[in-house]
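Engineer: Structure incoming, see below.
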Amino acid sequence: MTLLIAIDGPAASGKGTLARRLATHYGLPHLDTGLTYRAVAKAMIDAGSDLDDEAAAIATARNVDFSRLDRSALSAHAIGEAASRIAVYPEVRRTLVAKQREFAAQPDGAVLDGRDIGTVVCPDATVKLYVAASPEVRARRRLDEILHNGGQADPAAILADVKRRDERDTGRADSPLRPAADAHLLDTSDMDIEAAFRAALAIVETARNA
Ligand code: DC
């Protein structure tokens, strides 16, 4: 039986970690679709292109090789910010969504995470999760991660950043971030990763056996 798991949620909600854990648990391939937008943004930055140049973004999206998405090379904060800017262009989205759907069409299934998986990329997924957490909790998690890696950051600036990214991702006209009508909401504000994983697993198991 095919098991296609769609996971959406805002930046730093923990959806990526949950997606990876679920993929490992079920032995399924996983695609972090944020990396596809990040790859386009990074290629544009590397080429010296203006992120406001829609035609350049479209051309870059068509040419980027998605078989080699390197998480560590794409993880920089500035690349995430740039990705959220080029993600507003409808034709960029159409190009990337087509590639994401190809990935999703595997016989045993797959796990995809992003902003529009349940609503646009995989509307027929076996199970849809919408992972949420308050902006304050997400900002705190990001700060902890930065401190853990030996860095420094201003907590107020991080919170402002999380809120700005939310506004852009939920406010864009094409495929804004929102839960699909049939998504299961998972608010992880008061959960650690273990508790969130157990809750997500329970939802998937129920859907799988339905
Ligand atoms: O999840 P992330 O931080 O890697 O995503 C970076 C940006 O990419 C995000 O702010 C908006 C965009 N994105 C999107 O529009 N649709 C997706 N399915 C995934 C990411």
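The values are calculated or read from the model by the stated rules, or taken from the named source; none is laboratory data. Since the structure is predicted, the reported quantities are computational estimates derived from the model, not experimental observations. Please note: Cβ atoms are built from the backbone with ideal geometry, for glycine as well, and neighbour counts cover all protein chains shown. These accessible areas exclude ligands, DNA and RNA; they are computed on the full protein's heavy atoms, side chains included. Shrake-Rupley method; radii C 1.70, N 1.55, O 1.52, S 1.80 Å.
Engineer: Where does the chain land on Rg/Rh, using Cα atoms and the Kirkwood Rh?
Structural biologist: Over the Cα atoms of the chain, Rg/Rh equals 0.95.
Engineer: At q = 0.20 Å⁻¹, work out log10 I(q)/I(0) for region 123-171 with the Debye formula, treating every Cα as an identical point scatterer and leaving solvent out; two decimals please.
Structural biologist: -0.73
Engineer: What lysines does Lys42 reach when the alpha-carbon gap must be under 24 Å and sequence neighbours fewer than 8 apart in one chain are set aside?
Structural biologist: Lys15, Lys99, Lys163
Engineer: Would you tally the net charge around Leu69, using a Cβ to Cβ cut-off of less than 9 Å, leaving Leu69 out, and scoring K and R as +1, D and E as -1? Walk me through the numbers before you get to the answer.
Structural biologist: Values: positive: Arg38, Arg68, Arg71; negative: Asp32, Asp65, Asp70.
Net charge in that neighbourhood comes out at 0.
Engineer: Indicate the gyration tensor shape class of region 52-140 (rounded, prolate or oblate), computed on the Cα atoms with a ≥ b ≥ c the square roots of the eigenvalues: a/c under 1.5 is rounded; otherwise a/b larger than b/c is prolate and the rest oblate. Could the numbers behind the result be given before it?
Structural biologist: Values: a/c = 1.60, a/b = 1.05, b/c = 1.52.
In terms of gyration-tensor shape, oblate.
Engineer: First check a/c for region 82-205, with a ≥ b ≥ c the square roots of the eigenvalues of its C-alpha gyration tensor; if it is under 1.5, answer rounded, and if not, answer prolate when a/b is larger than b/c or oblate otherwise.
Structural biologist: oblate
Engineer: Mind checking the full-extension length gain between Asn63 and Glu102? Use 0.36 nm per residue of separation minus the Cα-Cα distance, one decimal, nm.
Structural biologist: 12.4 nm
Engineer: Related question: What percent does the relative contact order of the chain come to when contacts are Cα pairs within less than 8 Å and at least six residues apart?
Structural biologist: Relative contact order comes out at 34 percent.
Engineer: Using the heavy atoms of the protein chains and a 1.4 angstrom probe, tell me the accessible area per residue for the chain in square angstrom.
Structural biologist: Heavy-atom accessible area per residue stands at 49 Å².
Engineer: Could the peptides 143-156, 122-135 be put in order, highest first, of the mean number of other beta-carbon atoms found within 10 Å of their residues?
Structural biologist: Most protected by this proxy first, the peptides run 122-135, 143-156.
Engineer: Return one quarter of the surface area of the convex hull spanned by the alpha-carbon atoms of region 1-101, equal to its mean projected area, in nm².
Structural biologist: 6.7
Engineer: Once the piece of chain linking Gln152 and Asp70 is laid out straight, how much longer is it, given 0.36 nm per residue of separation minus the C-alpha distance between them?
Structural biologist: Answer, rounded to one decimal: 27.1 nm.
Engineer: Any idea how far the Cα center of region 57-98 sits from the one of region 151-190, in Å?
Structural biologist: Cα centroid of region 57-98 versus Cα centroid of region 151-190: 18 Å apart.
Engineer: For the chain, give the magnitude of the charge dipole about the Cα centre (Cβ charges: +1 Lys/Arg, -1 Asp/Glu; no others), in debye to the nearest 20.
Structural biologist: That gives a dipole near 220 debye.
Engineer: Quick one: length gained pulling Asp50 to His77 fully straight, 0.36 nm per residue minus the C-alpha distance?
Structural biologist: Numbers: separation 27, 0.36 × 27 = 9.72 nm, distance 1.78 nm.
Roughly 7.9 nm would be gained on extension.
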